[in-house]
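Here the structure comes first, spelled out in structure tokens, and everything after it is commentary.
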Amino acid sequence: MEPTDNKKPPHQEEIELDAVDLEKIPKRVRKSKGKPAALKQKPVQPNKIFIPDEENRPRGTQKKLLPLPFEKSKKHPLRSGKFPKKSPTGFSQKDSTKKVYSRRHSSKSEMPYKAFSGKEGPFLLQVFQAASSSPHFTQGFHFYPGRMPVHMAKLLVEHFGNNGLLYDPFMGSGTVLLEGLLAGMRVAGNDLNPIARVITRERCRWLSLRNARRVWTEVEELRQGIEQEKLGKRRVQHTHAEWLQNRYPPHLLVEMLHWMERINQLPDPAVRESLRAVFSSLIYRFTPEPDAIHRQSRVGRGQFGKAMSERTKELIEAQTELASMIRLIENPILHVGDTLKIEHDPPIEADLILSRPPFPGSSKHMRSQQLLLKWLDLPFKPIEDELLGTGTDLLKKHWTPRFRKVMLNLRRATVSGGRCILIFEDWLERGKRVDSLEFVRRFSGSEGWKMAASASRELKPLSQEKEEYGRDGKQEHLVLLRY
């Protein structure tokens, strides 16, 4: 039979052709669906450089990153056959497998309590009586005077905190803010001292392993470069070099100046700020007493560099462990300014304020921060002129209006129904004891706050102040205010 017009013979069937395929082989006879081997191999660009081991190379640079020292130690078992356990103790030198508690409260001797009031008064009293624990994560990084004990901040945040915003208007070294982050809260802080921001930023920063390798690589390259350089042949420029030269042995001063110069020249701002904070944490350790400056120094060349490496290792190890706890929480909002004058934009709407504000006479120790500010080339003038608790603030008539202004600004930074927890100590005015609890009750109430609870305990005053404080002694107060 002859084929009909509507049917085509098999050999005349239409064939789809691939436009990219130069050979135009019909699809039904291809052995694979992919492109021919000749097209799979892309020509190598002559200007393109292939860099092996991309995992250990930072973006935008061809510098190979060094492995982290604590990664090496975690891969090898101990001699006993047991692997070291991961520890969140941060800078504590004690065994992390055992909870070590001390009955000492900060740097002051703990004495029996005197009283408590309000519904939350018993809990506030328990916070006073709680044993202090060793610092965890980055809490032990960098000494700061007058800070709130870690265990007190932890207990107060866990009890009164929620998923809202925690604000510390006198953040200091960031103890309260870090505990807020660990509790899952958003945090904001302010302080007049620029050193406080440097420390708090590092304490509340988490690092990935890649970024930790970047910091470690830079500090090791700086250490090796300074060790190989013949120090003293080149004059290092520093704004306060003349002010610093009478406080250190010559060889130590030159080494520290070279470190600060090279840190400030680092192109990566995150690495630069981290190493500036590490440098600041070692200043007091390597600063000799005034009467020992001209004696034979026990600090040999290179010891400061070794200390920089060791402290950097401790910091980045704690920050990598911190990543699993706070990496999903918003970064802290940090300000540097006077609480009496600062206006936040956007405004702070805190659910909880937790702070240890200065009081008359408490800020004398802040003058020791001048050495750190000189090294890091940060301004010291605002601290001398505006810091609470210094100068004329020692008189109650001058302190009262400034305290009321602070409480007014804190109320403006608090949502309706918010809470404010403050820690105060009694002080002396013209040889007489001033009850800070009664002072706070009276003048915070005039700014819209209501005292909901309080707890007090007796502190051991200095020997020369025992008679002046009288039979009641020196008291420390934990106050809960509601708005």
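Readers should treat all values here as calculations from the given coordinates under stated rules, not as data from a laboratory. This one's a predicted model, so the numbers in the text were calculated from it and none came from an experiment. Neighbour counts run over all protein chains shown; Cβ positions are idealised from the backbone, glycine included.
So who's got an amide H within less than 5 Å of the one on L165, skipping anything under 5 residues away but keeping other chains? H placed 1.01 Å off N, in plane.
D351, L352
Once the piece of chain linking F143 and K381 is laid out straight, how much longer is it, given 0.36 nm per residue of separation minus the C-alpha distance between them?
Gain on stretching F143 to K381: 83.5 nm.
So between K341 and W243, what do we pick up on full extension, going 0.36 nm a residue minus the alpha carbon distance?
32.1 nm
Applying a 10 Å radius around every beta-carbon, put 470-476, 371-377 in order of their mean neighbour count, most first.
371-377, 470-476
With r defined as the distance between the Cβ atoms of Y284 and R482 and R0 fixed at 41 Å, what FRET efficiency is calculated, to the nearest 0.05?
Numbers: r = 40 Å, r/R0 = 0.97.
Efficiency, rounded to the nearest 0.05: 0.55.
Can you tell me how much longer the chain between K306 and S324 gets when fully stretched, taken as 0.36 nm per residue apart minus their C-alpha distance, in nm with one decimal?
On the way: separation 18, 0.36 × 18 = 6.48 nm, distance 2.87 nm.
Taking 0.36 nm per residue and subtracting the Cα distance, the gain is 3.6 nm.
Could you work out the pair-distance distribution P(r) of the range 202-276 from its alpha-carbon pairs, with 5 angstrom bin width and percents rounded to whole numbers?
Calculated P(r), rounded to whole percents: 3, 13, 24, 21, 17, 12, 7, 3, 0.
Just to be sure I understand the model, the point goes 7 Å from the Cα along the line to the Cβ. What's the resulting A115 to H251 distance in nm?
6.2 nm
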